[in-house]
Amino acid sequence: MSDFTGFTLLNLPVVPGEDIIRLMTVQEQYKLATLSNVTRRVVKSASFTEKMEWMISYTGVVMINIKNHSRQNEYVYRLRPTPGTDFVQTVKDEIAFIRDVFNFSSLHLSFLDDTEPNLLFSVISFVKELDINLDEVRICSSVPSNIMNKILLHECASAKDFKLTYEITGDFEMKFWECPKFKNKSIQISEAQWIKSRILNNCFMDCESVVLSKCDVSPSDLNSFLKKWIHGAALDEIIISLRQRVDRGASMMDRVLRGIPADPINFARLYQYQKEFEDGTCFIIHQNSGKPAIVYQMNQDFCLSTNFSLDLSEPDPEELEIEFSVMIKHDEDFKPLAVNARDDEY
């Protein structure tokens, strides 16, 4: 970098100078930060209090999006390879620069093209080295690489929101001891047939929202899962889409809820939508703490949700923008279900 200490803006007192920089667009701030080490420090100081958001996406080309929500502007640009240099290193250098200038502590990552798996793994690994949190990770892969999929599951197990759409081979499996304990706020996995009962019962309970597609679990597996949830879990909602066709109706739920106190219901509000359920397909259960949830079957999906209400009156318009809190009263006579939920028994 060149020495731009003679730049007029830098001769201003600190506060007015930073105020002027804050009035710049993100692109102008970025360009200014590239001029010298001095301008870089000034931009960094000025942007410290701004509400910023950062996204890196790959769809065959690397796109970087820096948003300033405080000023309602953004800078979107394509990162191009430099002749004679390692492009992966170029991406790393850019990540380090942006993180330093704009004080980012988190990142949205979207890789919807799997032609450069080395780039994806390098970015995720480097981001972790810099102590940058993964706010949102969306990965779409059509390459059935068992090794790559296992790495992704481990590397993104603590991302705030993780959505993995991928292909797996018929022999893909993950042993219980190989599987990470996911701590995502929300997680979606498109090919979940490798998830067996023990993994289901022990590796997703710290998430808030889980969506698993093409699962091969039985009513007995779901029963043990519910007993584990009753014992205590942070999980607020889960949708398990079953790969094999299962019985619909009361016979299915009878097996799923065997040995679990449950109250049948036919109507509930899930968020802003009123739902009507066939007899014997929707029930209220409680955790030992008293926290209630509804469990129900919709076609091939088995669902649990604590975000429901039995109040079917029309909500105020403002309420449609937020999740509905549970509005039923705990039964004063409710007694916790004694469930032995040791990890080694499921």
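The values are calculated or read from the model by the stated rules, or taken from the named source; none is laboratory data. This is a predicted model, so every value here is computed, not measured. When we count neighbours, we look across all protein chains shown, and the Cβ atoms used for this are built from the backbone with ideal geometry, even at glycine.
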| remark: residue 274 fails exactly one of (1) part of a strand (DSSP E or B); (2) within 25 Å of the chain's Cα centre (by Cα), namely (2)
| task | Kindly indicate which of 224, 213 is modelled with pLDDT of 95 or more, assigned by TED's automatic domain parsing to the domain that holds residue 161 and either surrounded by 19 or more Cβ atoms within 10 Å (Cβ to Cβ) or not aromatic (Phe, Trp, Tyr) (or both). | result | 224
| query | Say we look at region 56-89 and pick out the residues that are in contact (Cβ under 8 Å) with a residue 24 or more places away in the chain and of a type in the set (Lys, Arg); which of these is surrounded by the most Cβ atoms within 10 Å (Cβ to Cβ)? | reply | 67
| Matching entry among 104, 121 (being closer than 19 Å to residue 66 by Cα and outside any strand (DSSP E or B)) | 104
| Breaking point among (1) among the small types (Gly, Ala, Ser); (2) at pLDDT below 90; (3) part of a loop (DSSP other than H, G, I, E, B), for residue 290 | (2)
| query | How many residues, within region 127-149, are surrounded by 17 or more Cβ atoms within 10 Å (Cβ to Cβ) and either in contact with a Gly (Cβ under 6 Å, 6 or more places away or on another chain) or modelled with pLDDT of 90 or more (or both)? | reply | 8
| query | Restricting to region 20-73, what's the tally of residues that are closer than 21 Å to residue 110 by Cβ and among the charged types (D, E, K, R)? | reply | 3
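Report, by residue number, each residue of region 19-65 that is among the basic types (Lys, Arg) and within 25 Å of residue 81 (Cα to Cα).
Step one: of region 19-65, the residues among the basic types (Lys, Arg) are 22, 31, 40-41, 44, 51.
Within region 19-65, 31, 40 qualify.
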| query | Mind checking which residues of region 227-274 are modelled with pLDDT under 90 and more than 16 Å from residue 302 (Cβ to Cβ)? | reply | 269, 271, 272, 273, 274
| request: Restrict the check to region 132-155 and report whether at least one residue is touching a residue at least 12 places away in the same chain (Cβ under 8 Å), assigned to a loop (DSSP other than H, G, I, E, B) and closer than 30 Å to residue 42 by Cα. | output: yes
| When you scan region 74-115, how many residues do you find that are closer than 23 Å to residue 39 by Cβ and of a type in the set (S, T, N, Q)? | 4
